1. Mind jotting down the distance between the C-alpha centroids of the range 74-114 and the range 245-278, whole Å?
2. Counting alpha carbon pairs within less than 8 Å and at least 6 residues apart, what relative contact order, in whole percent, applies to the range 141-239?
3. First obtain the Kirkwood hydrodynamic radius of the range 421-464 from its Cα pairs, then insert it into the Stokes-Einstein equation at 20 °C and 1.002 mPa s, and state the resulting D in µm² per second as a whole number.
4. In which sequence would His49, His106, His438 go, from the one with the fewest C-beta neighbours within 10 Å to the one with the most?
5. Which pairs in the list Lys103/Lys327; Lys286/Lys456; Lys20/Lys76; Lys379/Lys402 are over 32 Å apart, alpha-carbon to alpha-carbon?
6. Counting helices only, and only those DSSP H runs with n ≥ 4, report the 222 nm mean residue ellipticity of the chain as the sum of -39,500 (n - 2.57) divided by its residues, in deg cm²/dmol to the nearest 500.
7. Provide the descending list of Cα extents for the chain along its principal axes, expressed in whole angstroms.
8. Let me check against my output: what whole-number percent is the relative contact order of the range 217-289, with C-alpha pairs under 8 Å and at least 6 apart?
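Derivation of every value follows stated rules applied to the coordinates shown; laboratory data play no part. Source: prediction; values computed, not measured. With ideal geometry, Cβ positions are generated from the backbone for all residues, glycine too; neighbour counts draw on all protein chains shown.
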Amino acid sequence: MPEEKPWSGRFARPTDAAVKAFTASIDVDRRLFAYDIAGSIAHAHMLAHVKVLSEKERDAIIRGLESIKTDIEAGKFPWESELEDVHMNIEARLIERIGDVGKKLHTGRSRNDQVATDMRLYLRDSVDALCQRIARVQAALLAMAERETETIMPGFTHLQAAQPVTFGHHMLAWFEMLSRDHARMKDCRKRVNILPLGAAALAGTSYPIDREYAARLLGFDGVAENSLDAVSDRDFAVEFVAAAALLMTHMSRFCEEIILWASSAFGFIELGDDLCTGSSIMPQKKNPDVAELIRGKTGRLNGALVALLTVMKAQPLAYNRDNQEDKEPLFDAVDTVGASLDVFARLLEGMELDRDAMLRAAQDGFPTATDLADYLVRKGVAFRDAHELVGKLVRLGMDTGKDLSQMSLSELQGMCKEIESDVFDILTLEGSVNARSHVGGTAPAQVRQAIQRARKRLAAYDDR
Ligand code: ARG
């Protein structure tokens with residue numbers, strides 16, 4: 001019987017070579033090694049704590065695991081796809097190194113609760129690292145909002161200039177979206193940080209284990225209540241990828257704006273040379289490829305979400321090998337959103353504004369028409385009538401090539417006798433933004449207060 005696999009005892013014939021290759025996951029799951037070893041060390045401590053292992057056995061196992069970790073980190077570990085996955089590679093090597101006592105590590109445990117534990121430890125770390133990166137992007141947004149509190153730009157609906165807004169206000173809109181992304185990550189972390197270990201294969205174990213003890217050692221907030229659930233569900237990964245896809249969608253939307261703003265048609269911003277790429281044929285080009293790639297990579301997150309939901313959708317309780325397919329989408333989601341956050345922060349930090357271009361664009365297309373309608377309402381005109389009158393003035397402006405603020409008082413009064421000379425205060429862009437002075441509004445005075453509140457919220461993050 002040439003088979004080396006720990007489970008080969010009941011088999012009369014060795015596994016088919018194609019099946020070995022098909023079922024092996026070592027190339028993907030070896031990146032879990034540090035979590036696998038941490039989980040095994042905690043398990044060994046727990047087994048000794050309940051006297052299933054002697055202290056001597058525990059210490060030999062832990063020393064062996066630590067030396068394996070050192071070798072893996074040094075790139076000196078001989079990974080073998082023959083041994084299927086990260087768990088069996090490490091266990092086999094442990095037995096090789098420390099002898100028969102190594103065979104006791106797997107007491108009261110299964111790869112099913114082991115892999116679920118590894119995945120949760122991995123994801124907990126990933127969530128924490130991503131939260132820090134989200135905070136960095138938010139800090140960049142706040143710095144820009146602070147610098148550009150008074151800067152006026154066109155606000156758009158339907159990508160048509162609608163009403164003037166302040167650039168600071170616009171930055172705070174993205175800040176809010178990322179705040180919710182951060183909160184979703186934190187919320188997801190609560191359900192990630194639960195220990196499956198002790199569930200064993202599916203039904204629990206006959207040893208007198210102390211799950212709370214292992215949970216404390218590994219920094220889990222609690223233990224999974226039900227062993228069948230603990231080994232089978234991957235909803236924690238689905239939840240994370242859903243939150244990450246939404247975060248990526250927010251970045252993608254912002255990148256779409258960055259791409260538009262950096263185009264010569266808009267000319268609102270200039271991106272750092274070090275963050276753009278050129279064209280191999282057109283010497284004049286400076287392309288916003290980083291923003292385009294963030295937008296493009298959003299598809300990976302959406303794909304990962306669908307992949308994980310599909311892996312789960314037809315699985316009866318409890319563990320099924322389908323679950324091995326959770327790793328590639330999850331790892332890719334973590335890597336993609338992390339790298340995107342990093343370059344996104346740099347993109348924002350190196351962005352320069354052409355304030356004049358934004359101001360000129362804000363002046364286009366009768367941006368203060370709503371202000372004039374509101375003014376007429378304050379003078380006693382009903383809003384629907386005011387809307388109609390201002391519409392006619394806009395028509396006149398289009399015919400004569402004049403903005404509302406460039407019309408004479410008599411021209412304006414010709415359309416509506418309620419208009420007085422104070423109208424010119426509200427027809428300017430500054431008048432328009434200053435008028436929107438309430439919580440959530442675009443007036444610089446409000447934006448300044450919103451920035452103060454945002455700074456406090458950011459400072460209250462516990463992961464910075
Ligand atoms: N490599 C497997 C996975 O990722 C580990 C668990 C295998 N368990 C089993 N009973 N075949 O899910």
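1. Spelled out, the Cα-based centre of one part sits 48 Å from the other.
2. 22 percent
3. Working: Rh = 12.1 Å.
Using the Kirkwood radius from Cα pairs, D works out to 178 µm²/s.
4. Details: His49 16, His106 19, His438 9.
Exposure proxy ranking, most exposed first: His438, His49, His106.
5. Values: Lys103/Lys327 27 Å; Lys286/Lys456 38 Å; Lys20/Lys76 24 Å; Lys379/Lys402 24 Å.
In this structure, Lys286/Lys456 exceed 32 Å between Cα atoms.
6. Working: 19 runs with 284 residues, N = 464.
Roughly -20000 deg cm²/dmol at 222 nm, from the helical runs in the chain.
7. If we take the Cα atoms of the chain, the spans are 102, 52, 38 Å.
8. Values: 30 pairs, mean separation 10.4, N = 73.
Once divided by the residue count of the range 217-289, the mean separation gives 14 percent.
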